[in-house]
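Visitor: Could you have a look at this structure, given as C-alpha cells, before my questions?
Bear in mind that the values in this text are calculations on the coordinates, not laboratory data. All values derive from a computational prediction rather than experimental measurement. Positions of Cβ are backbone-derived with ideal geometry, glycine not excepted, and every protein chain shown enters the neighbour counts.
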Amino acid sequence: MSKVAIGWEAMTDYDRQIAQWVEETPFVDTHEHLIEESQRLSGAIQPRTLPCNDWAYLFRSYAAEDLVVAGLPAADLRRFLGPDLTSQEKYRLIAPYWERIRHTGYAQALRHTFRGVYGEEDLTAESLPRIAEKYRETIQPGFYGRILGLANIRGCHVNSLQRIFMETEQPGLLDHDISILQLCRCSAADFAWVEAETGRRPTTLDEWLEVIDYYFATYGGKAVAVKSQIAYSRALNFEPVTEAYAARLFPHQADKVGALHALGPEDLKTLQDYLFRYCVGKAGEYGLPVKLHTGVLAGYGVMQLARTRSNAADVCRLLQDFPETKFVLMHIGYPYEHEFIALAKHYPNAAIDMCWAWIINPVAGVRFLKEFLMAVPSNKIFTFGGDYVAVEPIYGHACVARRGITLALSQLVAEGWIALEDTRDLIDRIMRGNARQFFRKAHWQDATRP
C-alpha cells in the first residue's frame with residue numbers, strides 16, 4: 001500500500017507507527033460480490049454481472065451511480081457500461097462528470113486502483129489508453145489472488161449474484177455465503193431462479209420448505225454465513241407467523257396460471273416474515289451467522305429513506321427472538337450509524353460490518369470507528385469488505401479503509417483515549433482477528449500468494 005494512500009507526510013511519529021501497523025496487518029474481507037474468475041477470463045458478456053469487458057467495468061460498482069447523481073444522463077450511463085462504444089467514446093461521455101465526483105469515496109477507491117494496480121495517477125485523456133491496455137493485461141489466470149494479495153487481504157467472503165450458493169473454482173481463496181434472499185422474498189423471479197437451479201417448482205409451503213432444507217443440507221457445511229439484502233424491497237420487521245397461516249398464503253404467491261388471486265402487500269409481508277424467520281432458524285441450526293444489508297441503498301433514484309431509517313429499530317425483534325444466532329449488520333446502517341452502535345452495545349448477538357461504508361463516506365467511517373471503539377467491545381466489528389463485483393477496485397477500497405483506520409486510531413491516541421502500546425493488538429483484532437473468530441467455517445489458508 002502506498003504512503004500516499006495513508007497520508008504519510010502529514011503524520012507524527014506516533015501516527016507513522018500506527019500507519020505502519022495498519023499497513024502490515026492483513027484484512028479479512030468479509031463482503032464481496034465477485035463473479036468467478038473464469039468469467040472474467042472468458043470475457044463473456046452478461047448484462048447483470050459483466051455488461052462490458054473494458055476499463056468502464058470498474059465503474060459498475062459504484063462510481064457509475066455518482067456519475068448519474070452528478071448529472072450524467074441515465075441513457076449515457078447505459079451506453080458507458082455497455083459493450084459497444086470505444087474507450088475514447090466512453091471517456092468523452094463521462095469526462096465532465098468525473099471531475100465532479102473524483103473526491104467522493106467511490107471515485108477515490110478507483111483512483112487508488114489506477115495508481116496501485118495500473119501505475120497511473122488518475123483517469124485523464126492522456127492516461128486513458130494506458131489504463132485501457134493495463135486493464136486487459138491484468139486479466140490473466142490467477143489475477144484474483146494477485147489483486148487480493150496486493151491489497152494485503154487474507155480471506156475473502158463472497159455473496160454471489162449468480163447462484164444461491166456458488167461452489168467456487170477457488171475454494172482456498174474465496175468463501176461463499178448462502179443467499180437467502182431468493183428463498184424468502186417470493187417474487188416470480190425467485191421462483192424461476194430456484195427452478196433453474198433445482199428443477200423444482202413448489203406449489204405448497206411444505207414443498208418450498210423442502211427446497212430451503214435442501215440448500216442448507218447441501219451447502220450449510222460449506223458456507224461461511226447466510227446473507228440477505230431484502231432491505232432493498234421491504235422493512236426488516238419480521239414478525240412471528242404460524243406455519244398454518246403461511247401455508248394458506250403460499251399457493252397464491254406460487255400460482256403460475258392465475259387460478260388464485262395474488263397476495264396483497266400485507267399478506268406478502270406475512271409470508272415473507274415466516275420464510276425469513278424459517279431461514280434464520282436454519283442458519284442457527286448450522287451455526288451460520290446471518291448477514292443483513294442495512295442502511296443506504298446502492299443505485300440511484302429509488303431509496304425510501306423512511307424505511308431505511310427504521311432498519312435499526314426493526315431488527316431488535318430478530319435479535320431478541322433468536323438470541324443464539326449471530327447477526328452481522330452491514331454497512332454500519334449509514335446514515336443512521338449511531339443506532340447501530342447502540343445495537344452492538346446492547347445485544348450480545350449483534351456485530352457490525354464496515355463493508356462498503358468506507359467508500360460511501362470515508363469521513364463518516366472515521367467518526368464511526370472512533371465512536372464504536374469507545375462504546376462497544378472491540379470484538380464486535382469487522383472493518384473491511386469491498387462489496388464489489390469486479391476484483392480490481394477492492395485494492396483501492398482497501399487503501400481508503402487503511403487510511404480511515406489509521407486516522408481513527410491516531411486521533412484516539414492523540415486525544416488520550418487509547419494508549420499507543422494498546423493499538424497494535426487492537427489493529428490485529430479489528431482487521432482480521434474478529435472475523436477469524438466469528439466466521440469459524442471460513443478458510444484461512446493464504447491462497448493470495450502465487
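Visitor: How much length would be gained if the chain were fully extended between Leu161 and Arg16, taking 0.36 nm per residue of separation minus their Cα-Cα distance, in nm to one decimal?
Guide: 48.3 nm
Visitor: Something else about it: Determine the sum of side-chain charges near Ala188: Lys and Arg each +1, Asp and Glu each -1, restricted to other residues whose C-beta is under 12 angstrom from that of Ala188.
Guide: Taking every Cβ under 12 Å from that of Ala188, the sum is 0.
Visitor: Quick one: net charge around Arg429, please, counting Lys, Arg +1 and Asp, Glu -1 for every other residue with C-beta under 11 Å from its C-beta. Spell out each step's value before the answer.
Guide: On the way: positive: Lys380, Arg424, Arg432, Arg436; negative: Asp422, Asp425, Asp428.
Result for the local shell: +1.
Visitor: Order by neighbour count: Leu67, Leu72, fewest other Cβ atoms within 10 Å first, most last.
Guide: In order of increasing Cβ crowding within 10 Å: Leu72, Leu67.
Visitor: When only DSSP loop residues count, what GluC sites (Glu not before Pro) in the range 99-202 have their Cβ near at most 10 other Cβ atoms within 10 Å?
Guide: Passing both the DSSP loop test and the Cβ count: Glu126.
Visitor: I would also like to ask the following. How far, in degrees from 0 to 90, does helix 188-198 lean away from the longest principal axis of the Cα atoms of the chain, to the nearest 10?
Guide: Compared with the principal axis, the helix lies near 90 degrees.
Visitor: With each pseudo-label sitting 7 Å past Cα toward Cβ, what's the Thr203-Arg436 distance in nm, one decimal?
Guide: 5.3
Visitor: For the residue pair Glu121 and Thr242, what label-to-label distance in nm results when each label sits 7 Å from Cα along the Cα-to-beta-carbon direction?
Guide: 7.1
Visitor: Only counting other Cβ atoms within 10 Å, I'd like Lys227, Lys256, Lys90 sorted with the fewest neighbours first.
Guide: If I rank by nearby Cβ atoms, fewest first, I get Lys256, Lys90, Lys227.
Visitor: Can you list residues whose amide H is under 5 Å from His157's amide H, if they're 5+ apart or on another chain and H is modeled 1.01 Å from N?
Guide: Counting only residues 5 or more places away or on other chains, the set is Asp29, Thr30, His31, Glu32, Asp175.
Visitor: While we're here: Normalising by the residue count of the chain, find the relative contact order in percent from Cα pairs under 8 Å and 6+ residues apart.
Guide: Rounded, it is 25 percent for the chain.
Visitor: Once the mean 1/r over all distinct Cα pairs of the range 147-438 is inverted, what Kirkwood radius in angstroms do you read off?
Guide: 20.1 Å is the Kirkwood radius here.
Visitor: What is the range 302-431's relative contact order, in percent, from Cα pairs under 8 angstrom and six or more apart in sequence?
Guide: Values: 140 pairs, mean separation 27.3, N = 130.
Relative contact order here is 21 percent.
Visitor: Then there's this: Within the set of other residues whose C-beta is less than 14 Å from the C-beta of Ser233, count the net charge using Lys and Arg as +1 and Asp and Glu as -1.
Guide: +1
Visitor: Charges at C-beta only: +1 for Lys and Arg, -1 for Asp and Glu. How large is the resulting dipole of the chain about its Cα centre, in Debye rounded to 20?
Guide: Charge dipole of the chain: 180 debye, to the nearest 20.
Visitor: Which three extents, in whole angstrom, do the alpha-carbon atoms of the range 56-208 cover along their principal axes, largest first?
Guide: Answer, in whole Å and largest first: 61, 38, 27 Å.
Visitor: So, one more: Among the lysines in the chain, how many pairs, 8 or more places apart or on different chains, have alpha carbons under 17 Å apart?
Guide: Going through the chain pair by pair, I get 20.
Visitor: Here's a follow-up. If you count the DSSP beta bridges with both ends in the chain, what percent of them are antiparallel, to the nearest 5?
Guide: 5
Visitor: Determine, for Met330, Met166, the number of other Cβ atoms within 10 Å of each Cβ, and report the residues in order from fewest to most.
Guide: Working: Met330 29, Met166 20.
If I rank by nearby Cβ atoms, fewest first, I get Met166, Met330.
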